[in-house]
Amino acid sequence: MKLFRMFGRSIRDAFKSVIRNFSLSIASISCISITLIVVAFSLIASSNVNNFTTLIEKDVTVVVFLNRDITEEGLKTFENELSKIDNIASSEYKSKEQSKNEMMKESDLFASTMGEWSEEENPLKDSYLIKVKDIEKIKTTAASIKDLENVEVVDYGEGMVEKLISAFSLIEKLSIVLVLILILVTVFLIINTIKLTIFSRKREISIMRLVGASNFSIKTPFVIEGMIIGALGSIVPIIVVIYGYLAIYNHFEGQLFSPLIKLIKPTPFIYQTAFVVLIIGIIVGMMGSARAVRKYLKV
């Protein structure tokens, strides 16, 4: 019961301190807000880059064209050898007749031209559409398929796919590093801002220590104060995240440059990101306050 009373008193004192030191509190809240806006957009960028990479991995298909004169026995041999390659996630056989019919549906010109082809006149080739498990091993996998018997051409957009994956991977890592750096900067700003508040109340803290207040009871109001400042500082970033991402998503119609690069759907992504921003703000505020008390007042 005593502990609850102490926490209740600490929360009351923390709110009073925020109001009493309004100008310093506004400075802290502003610092947190500005930094958390950048942190939020870095989180959004990192999540979307990860989404782009996942979509590319799912969408990339290795197309294998077989020799025109391949036999049924040759097809069975190819399928058996293909199943022995570790990185194959799935494979789909497409006959030259299927390819012809699909192309005829896409264009009236194709339909009028290809409709006259007999099975013997069809110049297209039987093919396999192959998905891989690990996109980073796609080049090695394609080379292994190319070495199989009755394979004429293997195509998966060589060069472009590797460059896209590499670029997205680099951007994702840089985004994570940027988020961590910004969080550290926010902690530093909070420490220095709250340090001014603590020094302005040094006499008050000295009296508390003289009357026998424990270190814990002295530190707790400051930690709660930091938590309140962190929560208040996250309000503007949360609003910016929700409405800003919705505006970006609607403006670009859910994709960047091509249907392959799709943005994450706003719901529930923006609310999850907003919650993360709130938690970061609260934790950073508490850490900043706790560190300022411990380091500068030696409480």
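Relative contact order, whole percent, for the range 74-173 stands at 33, derived from Cα pairs under 8 Å and 6 or more residues apart. Each 5 Å bin from zero holds the following percent of Cα-Cα pairs in the chain: 1, 5, 9, 10, 9, 9, 8, 7, 6, 6, 5, 5, 4, 4, 4, 3, 2, 1, 0, 0, 0.
Projecting the Cα atoms of V284, G254, S217 onto the charge dipole of the range 214-299 (Cβ charges, centred on the Cα centre) puts S217 farthest toward the positive pole. Computed from Cα positions, the angle between helix 22-59 and the longest principal axis of the chain comes to roughly 10 degrees.
Per residue of the chain, what 222 nm ellipticity follows from adding -39500 (n - 2.57) for every DSSP H run with n ≥ 4, rounded to the nearest 500? It comes out at -24500 deg cm²/dmol, rounded to the nearest 500.
Taking the C-alpha atoms only, the angle from helix 215-233 to the longest principal axis of the chain is near 50 degrees.
Sites counted here are chymotrypsin sites (Phe, Trp or Tyr not before Pro) in a DSSP loop (not H, G, I, E or B) having no more than 13 other Cβ atoms within 10 Å; the longest part of the chain that contains none of them is 1-251.
Note down the relative contact order for the chain as a percent, whole number, built from C-alpha pairs under 8 angstrom at least six residues apart. Working shown, then result.
Details: 369 pairs, mean separation 96.6, N = 299.
Worked out over the chain, it gives 32 percent.
Each 5 Å bin, from zero up to the one with the longest distance, holds this percent of the alpha carbon pairs of the range 55-129: 3, 13, 21, 20, 17, 13, 9, 4, 0. Rolling a 1.4 Å probe over the protein chains gives I19 an accessible area of about 120 Å². If you line up the long axis of helix 72-82 against the longest principal axis of the chain, both from Cα atoms, how many degrees apart are they, to the nearest 10? Between helix and principal axis, roughly 20 degrees.
The values are calculated or read from the model by the stated rules, or taken from the named source; none is laboratory data. Because the structure is predicted, anything quoted here is derived from the model rather than measured. Backbone-built Cβ (ideal geometry, glycine too); neighbour counts: all protein chains shown. Accessible surface areas use protein heavy atoms only, side chains included; no ligands, DNA or RNA. Shrake-Rupley method; radii C 1.70, N 1.55, O 1.52, S 1.80 Å.
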